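A short reminder: the numbers here are calculations on the coordinates, not readings from a lab. From a predicted model like this one, the values you see are computed outputs, not experimental measurements. Cβ atoms come from the backbone with ideal geometry, glycine included; neighbour counts cover every protein chain shown.
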């Protein structure tokens, strides 16, 4: 199913814009509270009653992380690990993100101008804005703003191979989170990472701002009925009730897959039709009328810079962006970040032994072509592959970026050994 090409009428049917998440202030949870929470939640019924789940679901680094990380994910469907990156490291990552965004915008300009020349369209609009430049907000509405998909996720222009994403995924502390999650002894030797993109929101309106509340799951309930994958992000800017962020439906993974396969509910026909369209693909939109989307279940964690959020691919989630008013930008500290409202890198890691040899070969090919992949590490699925018309453009824009800007997109030869081990 090509969900990226759905028309506005269909999007209006399934975008749950009326469902506003509750913003949850996460905090440290001591071991006894953790144990009590796990004990309470172990009595959950098959009906999915989650009334006993505490609102604070944060776990921190320490000796207990490995033991309780999986428990939180198993019970709640997600977990937050605090202070994985330092403030200075977040700022460095943000600078790399801007390097990429500016380079991708220039590549978009070159591509559009090249197409214009090929079609003999010599008309020049003197009012055309320049490419995107950090700190110059008038350029954030430029016609050369790099293309994104729902939630302003950037899958094109080689984003998964940017120095920004390689900095995040090869960071020792980020690797240590997944090493603890998978109980491996050496993250350098056994962990292989997704070649995923990232999320960037500016404080200027973009077309994709309307793409909020697009609840979905990233795992086929028919082909993969059991646990199959985690997803994760490294958060770089404060997530507040004024900005919005990643939205999760607490405990929804516990109703997978039966909830989407039953036909005796009002939304049964909705999922029956969508599953037929999916034909085994790992993406399913959620009916806005689904009882899963109850207000007490839908939350957004108020993440701090440097936090890592991990969730089960069976957990219902989406991005929900609040509508910013112009006066908010001067009161939320956004000026210090050149007008970015949200920034997060999408990262997932699994033990290398779980990756088939043929998939590893395909991942190497993706690196050579600078193709961004999905969070599924054990299969080589290009993110945004549904848009076939983007393939030629992707090749051209990546070429422009590599020719004109050094160290924004990294080839295999540019990677250090620790980074090559993540492929």
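Shape call for the stretch 230-379 from the C-alpha gyration tensor, a ≥ b ≥ c root eigenvalues: rounded (a/c under 1.5), prolate (a/b greater than b/c) or oblate?
Numbers: a/c = 2.22, a/b = 1.14, b/c = 1.94.
The shape class here is oblate.
Suppose the chain between residue 87 and residue 353 were pulled fully straight at 0.36 nm per residue; how much longer would it get relative to their current alpha carbon spacing?
92.4 nm
By the gyration tensor of its Cα atoms, with a ≥ b ≥ c the square roots of the eigenvalues, what is the shape of the stretch 127-236: rounded for a/c under 1.5, prolate for a/b over b/c, or oblate? All intermediate terms of the calculation are to be shown ahead of the outcome.
Numbers: a/c = 2.96, a/b = 1.63, b/c = 1.82.
Since a/c reaches 1.5 but b/c is at least a/b, the shape of the stretch 127-236 is classed as oblate.
Can you compute the label reach from residue 11? Point 7 Å from Cα along the Cβ direction, backbone N cut-off under 13 Å, restricted to the stretch 133-158.
148-153
Which shape class applies to the stretch 229-289: rounded if a/c is under 1.5, otherwise prolate when a/b exceeds b/c and oblate if not, where a ≥ b ≥ c are the square roots of the Cα gyration tensor eigenvalues?
On the way: a/c = 2.43, a/b = 2.01, b/c = 1.21.
Taking the square roots of the gyration eigenvalues as a ≥ b ≥ c, the stretch 229-289 is prolate.
Please report the relative contact order for the stretch 341-423, taking Cα pairs under 8 Å with a sequence separation of at least 6, and give it as a percent rounded to a whole number. Mind dumping the intermediate values first?
On the way: 49 pairs, mean separation 21.9, N = 83.
Value for the stretch 341-423: 26 percent.
Can you give me the distance in nm between label points at residue 185 and residue 294, each placed 7 Å from the Cα along the Cα-to-Cβ direction?
For the pair residue 185/residue 294, the computed spacing is 4.6 nm.
In what order do 307, 99 fall by count of nearby beta-carbon atoms within 10 Å, going from fewest to most?
On the way: 307 24, 99 17.
Ascending number of Cβ neighbours within 10 Å: 99, 307.
Assuming 0.36 nm per residue, please report the length gained on full extension of the stretch residue 423 to residue 362 beyond their Cα-Cα distance. Could you put the intermediate results ahead of the total?
Details: separation 61, 0.36 × 61 = 21.96 nm, distance 1.00 nm.
Result: 21.0 nm gained on full extension.
Using only alpha-carbon positions, what ratio does the radius of gyration of the stretch 208-313 give when scaled by 2.2 N^0.38 Å?
Working: Rg = 14.9 Å, N = 106, 2.2 N^0.38 = 12.9 Å.
That works out to 1.15 for the stretch 208-313.
Tell me, 412, 267, 76 in order of fewest to most beta-carbon neighbours within 10 Å?
Numbers: 412 12, 267 18, 76 25.
Ordered by Cβ neighbours within 10 Å, fewest first: 412, 267, 76.
Computed over the Cα atoms, what is the radius of gyration of the stretch 162-202 divided by 2.2 N^0.38 Å, N being its residue count? Intermediate results must be reported in sequence, preceding the final value.
On the way: Rg = 11.6 Å, N = 41, 2.2 N^0.38 = 9.0 Å.
Compactness ratio reported: 1.28.
If we count other beta carbons within 10 Å of each Cβ, what is the order of 14, 283, fewest first? If you can, show how the numbers build up before the last one.
Working: 14 20, 283 16.
Fewest-to-most ranking of 14, 283: 283, 14.
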